[in-house]
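Down below is the structure, laid out as structure tokens.
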């Protein structure tokens, strides 16, 4: 790390350019020295000073969150990912990356100047280093490069100093830590003393009602979403409806996990990118397809693709063996395979065998086991279950109560109490800043 403090060791010079990735490299503080570096670093610091780090503690893609805080569209994250792969001077530049830089400049105001380069550079840093931090890599960026007084390139390890040192030390340390905390917030809820009780919402009002009641996170029920739109569940028919709901729910002040059935027959990586860019904290993906199961290898590959595309997404891998009457041995094999593929949690609806529950908790280790709200919550806690989902129960209960209320009135009885009009109408304001 002493090399980073020594002004004799400099970053490799980059040639000037008028466009593309080469232009970006030539106009950011990261690859400059002397007066130019001081001026460009000051621009970067002024941009970061305008953003309160605490405002970045939100789930989802860290680049999308930071872009939004900088007044840019969350979808900017896609182009930032493309450019990041070519950003370092030793990496070859693709035509796709050059085109992405042009789009980024356009969305940032269409000025090819140092201020625009600084904005893009901050987002690239969040993409490369911060995302690596969220994924658990220590250090997030393993090394940096300097040129010695003799002109020799030296690789400097960042072990023990993940934010660098000296004049090129990361200027956004507090912002990076806040982004990482926000992206990890849903995961941390699975490590509390009591299991995370995750209610299943089917629209904004139901989710807001759960939040107002004090639940620490909200999930969705694919049955509720599908039925509310007159569509069948688990048929891959509700991608659009699910995405629309996710976009409305992320404004809530708690992490949101989205049930994506079996993935809607879409490319898993593309679906993951779509959801994390929206700001979703987690996904629930199942291996059941009607009365059958997809192969263990196919589901494992889908889980790995999701984690590779969006390391910040909490992937809850649902094992449908119990619902389909498959053996307990196959349940365990699938649970372990999905955890090995990168699943952050394993969900086995229908499992009530206390002995097998305890065995799975032990076998899965740090990967939390998720069950339906069937056995008493205290029993599940004592067995080591870390997450309990209500599934479609609240939706079915709401339908039952709604029909029952009208039926009671028709029969001349006294209808049960319900929340007031004002309370119900007020749900639309849950999560809206005063």
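The values are calculated or read from the model by the stated rules, or taken from the named source; none is laboratory data. Note that the structure is predicted; figures quoted are calculated from it, not measured. Heads up, the Cβs are rebuilt from the backbone with ideal geometry, glycines too, and the neighbour counts pull from every protein chain shown.
Go through the residues of segment 170-189 one by one and say whether even a single one is free of Cβ contacts under 8 Å to residues at least 24 places away in the same chain, in contact with a strand residue (DSSP E or B) (Cβ under 6 Å, 6 or more places away or on another chain) and more than 18 Å from residue 46 (Cα to Cα).
Checked against the condition, which is being free of Cβ contacts under 8 Å to residues at least 24 places away in the same chain, in contact with a strand residue (DSSP E or B) (Cβ under 6 Å, 6 or more places away or on another chain) and more than 18 Å from residue 46 (Cα to Cα), segment 170-189 yields no hits at all.
Return only the number of the condition from (1) buried (at least 18 other Cβ atoms within 10 Å of the Cβ); (2) not assigned by TED's automatic domain parsing to the domain that holds residue 54 that residue 194 does not satisfy.
Tallying (1) buried (at least 18 other Cβ atoms within 10 Å of the Cβ); (2) not assigned by TED's automatic domain parsing to the domain that holds residue 54, residue 194 fails exactly one: (1).
Can you tell me which residue within segment 181-206, out of those that are over 16 Å from residue 280 (Cα atoms) and in a loop (DSSP other than H, G, I, E, B), is nearest to the chain's Cα centre (by Cα)?
Filtering segment 181-206 down to residues over 16 Å from residue 280 (Cα atoms) leaves 190-197, 205-206.
Filter once more, so that each one left must be in a loop (DSSP other than H, G, I, E, B): 190-195.
Numbers: 190: 15, 191: 17, 192: 20, 193: 23, 194: 23, 195: 21 Å.
The selected residue is 190.
Go through segment 368-382 and give me each residue that's surrounded by 22 or more Cβ atoms within 10 Å (Cβ to Cβ) and in a loop (DSSP other than H, G, I, E, B).
So in segment 368-382, the residues surrounded by 22 or more Cβ atoms within 10 Å (Cβ to Cβ) come out as 368-371, 380.
Selection gives 368 alone.
Exactly one condition in (1) closer than 20 Å to residue 187 by Cβ; (2) touching a residue at least 12 places away in the same chain (Cβ under 8 Å); (3) not in a helix (DSSP H, G or I) is not met by residue 351; state its number.
Residue 351 satisfies all of (1) closer than 20 Å to residue 187 by Cβ; (2) touching a residue at least 12 places away in the same chain (Cβ under 8 Å); (3) not in a helix (DSSP H, G or I) except (1).
Collect the residues in segment 73-83 that are more than 19 Å from residue 177 (Cα to Cα) and either outside any helix (DSSP H, G or I) or in contact (Cβ under 8 Å) with a residue 24 or more places away in the chain (or both), keeping them in residue-number order.
73, 74, 75, 76, 78, 79, 80, 81, 83
Counting only residues that are surrounded by fewer than 20 Cβ atoms within 10 Å (Cβ to Cβ) and touching a helix residue (DSSP H, G or I) at 6+ places or on another chain (Cβ under 8 Å), which one in segment 255-272 is nearest to residue 204 (Cα to Cα)?
Within segment 255-272, the first condition is being surrounded by fewer than 20 Cβ atoms within 10 Å (Cβ to Cβ), and the residues that meet it are 264-267, 269-270.
Next, only the ones that are touching a helix residue (DSSP H, G or I) at 6+ places or on another chain (Cβ under 8 Å) stay: 264, 266-267, 269-270.
Values: 264: 21, 266: 25, 267: 27, 269: 26, 270: 25 Å.
My answer is 264.
When segment 273-284 is examined, which residues are found to be outside any loop (DSSP other than H, G, I, E, B) and surrounded by 24 or more Cβ atoms within 10 Å (Cβ to Cβ)? Full working, then the answer.
At the first step, the residues of segment 273-284 found to be outside any loop (DSSP other than H, G, I, E, B) are 273-278, 282-284.
If the condition is that a residue be outside any loop (DSSP other than H, G, I, E, B) and surrounded by 24 or more Cβ atoms within 10 Å (Cβ to Cβ), then 275, 276, 282, 283, 284 are the ones that fit.
Kindly provide the set of residues from segment 285-334 that are farther than 23 Å from residue 274 by Cα, assigned to a helix (DSSP H, G or I) and out of contact with any strand residue (DSSP E or B) (no Cβ under 9 Å at 6 or more places or on another chain), ordered by number.
Listed by number, the residues that qualify are 296, 297, 328, 329, 331, 332, 333.
Anything in segment 138-153 that is surrounded by 13 or more Cβ atoms within 10 Å (Cβ to Cβ) and within 35 Å of the chain's Cα centre (by Cα)? List them, or say none.
Of segment 138-153, the ones surrounded by 13 or more Cβ atoms within 10 Å (Cβ to Cβ) are 139-142, 144-148.
Correct list: 139, 140, 141, 142, 144, 145, 146.
Report, by residue number, each residue of segment 343-359 that is crowded, with 18+ Cβ neighbours inside 10 Å, within 23 Å of residue 261 (Cα to Cα) and over 25 Å from the mean Cα position of the chain (by Cα).
351
Based on this model, can you work out whether residue 340 counts as loosely packed, with under 15 Cβ neighbours inside 10 Å, within 30 Å of residue 126 (Cβ to Cβ) and assigned by TED's automatic domain parsing to the domain that holds residue 232? It would help to see each step written out before you state the result.
Working: loosely packed, with under 15 Cβ neighbours inside 10 Å: yes; within 30 Å of residue 126 (Cβ to Cβ): yes; assigned by TED's automatic domain parsing to the domain that holds residue 232: yes.
Spelling it out, residue 340 is indeed loosely packed, with under 15 Cβ neighbours inside 10 Å, within 30 Å of residue 126 (Cβ to Cβ) and assigned by TED's automatic domain parsing to the domain that holds residue 232.
Restricting to segment 234-254, name every residue that is free of Cβ contacts under 8 Å to residues at least 60 places away in the same chain, in contact with a helix residue (DSSP H, G or I) (Cβ under 6 Å, 6 or more places away or on another chain) and part of a loop (DSSP other than H, G, I, E, B).
Listed by number, the residues that qualify are 238, 254.
Which numbered condition in (1) in contact with a helix residue (DSSP H, G or I) (Cβ under 6 Å, 6 or more places away or on another chain); (2) modelled with pLDDT under 95; (3) under 30 Å from residue 344 (Cα atoms) is the only one that residue 138 fails?
Of the numbered conditions (1) in contact with a helix residue (DSSP H, G or I) (Cβ under 6 Å, 6 or more places away or on another chain); (2) modelled with pLDDT under 95; (3) under 30 Å from residue 344 (Cα atoms), the odd one out for residue 138 is (1).
Being surrounded by 20 or more Cβ atoms within 10 Å (Cβ to Cβ), in the same structural domain as residue 313 (by TED's automatic domain parsing), modelled with pLDDT of 95 or more and in contact with a helix residue (DSSP H, G or I) (Cβ under 6 Å, 6 or more places away or on another chain) is the requirement here; does residue 385 meet it? Full working, then the answer.
Details: surrounded by 20 or more Cβ atoms within 10 Å (Cβ to Cβ): yes; in the same structural domain as residue 313 (by TED's automatic domain parsing): yes; modelled with pLDDT of 95 or more: yes; in contact with a helix residue (DSSP H, G or I) (Cβ under 6 Å, 6 or more places away or on another chain): no.
No: the conditions fail for residue 385.
Return the only residue of 15, 73 being in contact with a helix residue (DSSP H, G or I) (Cβ under 8 Å, 6 or more places away or on another chain) and closer than 18 Å to residue 279 by Cα. Before you say what the answer is, go through the steps one by one.
On the way: 15 fails: closer than 18 Å to residue 279 by Cα.
Just a single option satisfies the conditions, and that option is 73.
Give all pairs with beta carbons closer than 6 Å in which a residue from segment 53-72 that is free of Cβ contacts under 8 Å to residues at least 40 places away in the same chain meets a residue that is in a loop (DSSP other than H, G, I, E, B); count only pairs at least 6 apart in sequence or on separate chains.
If the second residue must be in a loop (DSSP other than H, G, I, E, B), the pairs left are 68/74; 69/51.
Residue by residue, here is whether (1) outside the structural domain of residue 131 (by TED's automatic domain parsing); (2) surrounded by 13 or more Cβ atoms within 10 Å (Cβ to Cβ); (3) touching a strand residue (DSSP E or B) at 6+ places or on another chain (Cβ under 6 Å); (4) in contact (Cβ under 8 Å) with a residue 40 or more places away in the chain holds:
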{"site": "16", "(1), (2), (3), (4)": "no, no, no, no"}
{"site": "26", "(1), (2), (3), (4)": "no, yes, no, no"}
{"site": "36", "(1), (2), (3), (4)": "no, yes, no, no"}
{"site": "41", "(1), (2), (3), (4)": "no, yes, no, yes"}
{"site": "85", "(1), (2), (3), (4)": "no, yes, no, no"}
{"site": "95", "(1), (2), (3), (4)": "no, no, no, no"}
{"site": "104", "(1), (2), (3), (4)": "no, yes, no, no"}
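Scan segment 56-79 for residues that are surrounded by 23 or more Cβ atoms within 10 Å (Cβ to Cβ) and closer than 14 Å to residue 310 by Cβ and jot them down.
Scanning segment 56-79 gives 59, 60, 61, 62, 63, 64, 65, 77.
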